[in-house]
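The values are calculated or read from the model by the stated rules, or taken from the named source; none is laboratory data. In this text, all values refer to a predicted model and were calculated from it rather than measured experimentally. Ideal geometry is used to build each Cβ from the backbone, glycine not excepted, and the neighbour counts take in all protein chains shown.
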Amino acid sequence: MSVRGGSPGPGCRGRRVSGGCQRRKGRRLPLHFLGKFKEITKQAEHLKAKVHARVKHPFHIVKDLFCYRRVHYKGLAKNTPQMRTLFALANLVIAKRALLA
């Protein structure tokens, strides 16, 4: 399963996501219909949710803590270094929280 940008959540209908779409509890097939695959399905959904949360956290920090919700410059050459700097700072914030906890 590879981690890519985009929406691995419920709105990925019609898109090709290598790890499969994450399903909401009410939307996935009831576990009693799966029989012997119930435990494997539970573990797979849990892994997908874990990866989703791990990937989404830096975006949350960049958007809310640094108030960066839109692109400020035209062109990738100007925006890419700024985004890399913001995500590097987000990684530092996450590391700081983990060290101080």
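Brief remarks follow.
- Single residue of A90, A53, A49 found to be free of Cβ contacts under 8 Å to residues at least 12 places away in the same chain and either in a helix (DSSP H, G or I) or of a type in the set (K, R) (or both): A53
- Enumeration of residues in the stretch 63-78 that are hydroxyl-bearing (S, T, Y) and farther than 23 Å from I94 by Cβ: Y73
- When the stretch 74-87 is limited to residues that are part of a helix (DSSP H, G or I) and of a type in the set (D, E, K, R), the one that is modelled with the highest pLDDT turns out to be R84.
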